[in-house]
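To start, the structure under review is shown below, and the notes come after it.
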Amino acid sequence: MAMSPPPLLDEQQLGAAMQRLPGWQIARNGVDKSFEFGNFSAAFGFMTRVALLCECQNHHPEWSNIWNKVHIRLSTHESGGLTQRDIDLATAVEGLLQS
């Protein structure tokens, strides 16, 4: 039996979530944030840690890396926009920066 996609966040839920995610921007049915590190190794190490989070949550970003910069975009494609899965992953990514 196929699982139904997660529901989209309504405006109130999205507004509350964005208040807890500094620097994240709503764009194109998703949320985006760019991160800058001291060098390529630090940026790549961050991407590696994010990749492990993504695997644990079975939710994978669109992202890019150019030298010391990493850009992450989250959207739940099967739902057609932002869901709690995106907010949970963005929150976990922010947690990596605190540790």
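The values are calculated or read from the model by the stated rules, or taken from the named source; none is laboratory data. From a predicted model like this one, the values you see are computed outputs, not experimental measurements. Every residue, glycine among them, receives a Cβ derived from its backbone with ideal geometry; neighbour counts consider all protein chains shown. The area values use the complete protein model at the heavy-atom level, side chains included, leaving out ligands, DNA and RNA. Shrake-Rupley method; radii C 1.70, N 1.55, O 1.52, S 1.80 Å.
Suppose every K and R has +1 on its Cβ and every D and E has -1 on its Cβ; what is the size of the dipole of the chain about the Cα centre, in Debye to the nearest 20?
On the way: 7 positive and 10 negative charges, 47 e Å.
My answer is approximately 220 debye.
Full extension from MET3 to ALA16: what is 0.36 nm times the residue separation minus their Cα-Cα distance, to one decimal in nm?
Working: separation 13, 0.36 × 13 = 4.68 nm, distance 2.68 nm.
Computed gain between MET3 and ALA16 is 2.0 nm.
Which listed residue (ASN58, LEU8, HIS71) has the Cα farthest towards the positive end of the charge dipole for the chain, taking +1 on Lys and Arg C-beta and -1 on Asp and Glu C-beta about the Cα centre?
So the residue furthest toward the plus end is HIS71.
Give me Rg over Rh for the stretch 37-99, both radii from the alpha carbons and Rh done the Kirkwood way, two decimal places. Intermediate results must be reported in sequence, preceding the final value.
Numbers: Rg = 11.9 Å, Rh = 12.1 Å.
With Rh from the inverse mean 1/r over Cα pairs, Rg/Rh is 0.98.
Measuring with a 1.4 Å probe in the full set of protein chains, what accessible area per residue, in whole Å², belongs to the stretch 10-67? Could the numbers behind the result be given before it?
Details: 3920 Å² over 58 residues.
I get 68 Å² per residue for this part.
Carbon and sulfur atoms: what percent of the 1.4 Å accessible area of the chain do they account for? Can you show the working numbers first?
Details: 3490 of 6140 Å².
Heavy-atom surface of the chain belonging to carbon and sulfur, 1.4 Å probe: 57 percent.
Expressed as a rounded percentage, what relative contact order does the stretch 32-99 have, with Cα pairs under 8 Å and six or more residues apart? Working shown, then result.
Details: 77 pairs, mean separation 23.1, N = 68.
Answer for the stretch 32-99 is 34 percent.
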